[in-house]
Amino acid sequence: MLNCLFCRIIAGEIPANKVYEDADTFAFEDLHPQAPTHVLVVPKKHIADLAEAAATDANVVGLCQLAAAEIARQRGLSKGYRTVVNVGPDAGQTVFHLHVHLLGGRSLSWPPG
Ligand code: 5GP
Ligand code: ZN
């Protein structure tokens with residue numbers, strides 16, 4: 001989608017540190033990491049957020065989670081990690097292209113803020 005930051009990163013129009021890519025998903029380092037590992041995994045298809053995802057998006061939504069798990073394995077995050085999807089203003093969503101945060105490499109408190 002024109003003017004979507006993450007669509008432009010996927011297209012290579014805006015630079016990012018790519019971590020992983022397959023036919024349906026794309027992953028890159030978060031610009032402002034909140035943990036030693038902070039990777040964003042996004043569907044290549046533009047979906048604004050989880051609330052906008054349709055039943056036909058079930059496969060790609062799941063694939064983003066599985067890609068996060070694979071990246072966590074590759075990075076040896078055997079002590080644990082967290083995947084997070086922020087949806088809407090109360091959750092602090094700032095980029096409206098669905099993304100899974102993969103956070104790891106430090107102890108993560110619960111509940112989140
Ligand atoms: P949200 O708050 O929407 O769940 O997460 C958006 C994330 O995108 C934030 O963690 C923010 O640091 C990250 N971000 C914002 N702009 C850029 C950018 O231009 N490049 C990268 N790599 N990450 C970005
Ligand atoms: Zn997009």
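The values are calculated or read from the model by the stated rules, or taken from the named source; none is laboratory data. Fair warning: this is a prediction, and the values are worked out from it, not measured in the lab. All Cβ positions, even for glycine, are placed from backbone atoms using ideal geometry, and neighbour counts span all protein chains on display. Just so you know, the surface numbers come from the protein's heavy atoms only, side chains and all, with ligands and any DNA or RNA stripped out. Shrake-Rupley method; radii C 1.70, N 1.55, O 1.52, S 1.80 Å.
Placing +1 on the Cβ of every Lys and Arg and -1 on the Cβ of every Asp and Glu, with nothing else charged, gives the range 54-113 a dipole about its Cα centre of roughly 360 debye.
Given contacts defined as C-alpha pairs under 8 Å and at least six residues apart, what's the relative contact order of the chain, whole-number percent?
Numbers: 171 pairs, mean separation 33.6, N = 113.
With pairs under 8 Å counted, the relative contact order is 30 percent.
Near the amide H of Phe26, within less than 5 Å, lie the amide hydrogens of Val42, Lys44, all on another chain or at least 5 residues away, with H placed in the peptide plane. Annotation: Cα Rg of the chain relative to the compact-globule expectation 2.2 N^0.38 Å equals 1.02. Between Asp24, Asp90, Asp49, the residue with the greatest mean-square fluctuation in the GNM of the chain (Cα pairs under 10 Å linked by springs) is Asp90. For the range 23-40, the Karplus equation 6.51 cos²θ - 1.76 cosθ + 1.60, evaluated at θ = phi - 60°, returns couplings of 4, 10, 10, 9, 9, 8, 5, 5, 5, 10, x, 9, 7, x, 10, 9, 10, 9 Hz by residue, with Gly and Pro reported as x. Considering only Ala23, Ala54, Ala68, the mean-square fluctuation computed in a Gaussian network model of the chain, springs between alpha carbons under 10 angstrom, is largest for Ala23. Against the chain, whose longest principal axis comes from its Cα atoms, helix 58-74 is set at around 40 degrees. Ligands, DNA and RNA are left out, and with a 1.4 angstrom probe the accessible area of the chain is 60 Å² per residue.
Please report, in debye to the nearest 20, how large the charge dipole of the chain is about its Cα centre when each Lys and Arg carries +1 at its beta carbon and each Asp and Glu carries -1 there. Write out the running numbers ahead of the final one.
On the way: 9 positive and 11 negative charges, 84 e Å.
Result for the chain is approximately 400 debye, rounded to the nearest 20.
Residue by residue, the range 7-12 carries 3J(HN,Hα) couplings of 4, 6, 5, 4, 6, x Hz when phi is fed to the Karplus relation 6.51 cos²θ - 1.76 cosθ + 1.60 (θ = phi - 60°); x denotes Gly or Pro. Here the sum of -39500 (n - 2.57) over DSSP H runs of 4 or more residues, divided by the residues of the chain, equals -6000 deg cm²/dmol at 222 nm, to the nearest 500.
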